[in-house]
1. For 46, 4, what's the fewest-to-most ordering of other Cβ within 10 Å of each Cβ?
2. How would you rank 77, 115, going from fewest to most other Cβ atoms within 10 Å of each one's own Cβ?
3. Ranked by Cβ crowding within 10 angstrom, fewest neighbours first, how are 1, 39 ordered?
4. Grab the DSSP H runs of the chain that are 4 residues or longer, score each as -39,500 (n - 2.57), total them, divide by all residues and round the 222 nm result to the nearest 500 deg cm²/dmol.
5. Just to confirm the number: angle between the C-alpha axis of helix 19-30 and the first principal axis of the chain, 0 to 90 degrees, nearest 10?
6. Given that just one value was derived from the coordinates, which of (i) 20, 17, 14; (ii) 29, 18, 12; (iii) 24, 17, 14 is semi-axes √(5λ) of the Cα gyration tensor in Å?
7. Considering only DSSP beta bridges with both partners in the chain, what is the antiparallel share in %, to the nearest 5?
């Protein structure tokens, strides 16, 4: 069983009903794979909902999503992993945005695969990343 952490770009596309994600996630859930988001992604999704023209609809979609998805905390261990990732990236001369380093920390700490279209996650060592929005062969 694989655990998948949706980055904001994948979570928002899932919430908007993108069939590239809804169909694959539905099929993977039937195979007992787990899906969720981190607290960092949740904050970004709340921001997007509150800043949107369809606030109530988007907040309702987010609430429904949360009922069927896991929510991984950014706790003390994740904060330590965040610091480790930021230091690694600085040494390699490849810094990533702090919010993405938080997402990466949660995923790496819990051995989750990140679903994201953001290329910079690939520069984080020991982190599994897949882009389900990318065209499939």
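1. Details: 46 13, 4 24.
The order, fewest Cβ neighbours first, is 46, 4.
2. Starting with the residue having the fewest Cβ neighbours, the order is 77, 115.
3. Working: 1 7, 39 16.
So the residues, fewest neighbours to most, are 1, 39.
4. Numbers: 6 runs with 74 residues, N = 137.
So the calculated ellipticity at 222 nm is -17000 deg cm²/dmol.
5. For helix 19-30, the angle is close to 80 degrees.
6. For semi-axes √(5λ) of the Cα gyration tensor in Å, the calculated option is (iii).
7. Roughly 0 percent of the beta bridges in the chain run antiparallel, per DSSP.
The numbers here are math on the coordinates, done by the rules we state, and not lab data. Values in this document were obtained by computation on a predicted structure and should not be read as measured data. Note that each Cβ is placed from the backbone with ideal geometry, even for glycine, and that neighbours are counted across all protein chains shown.
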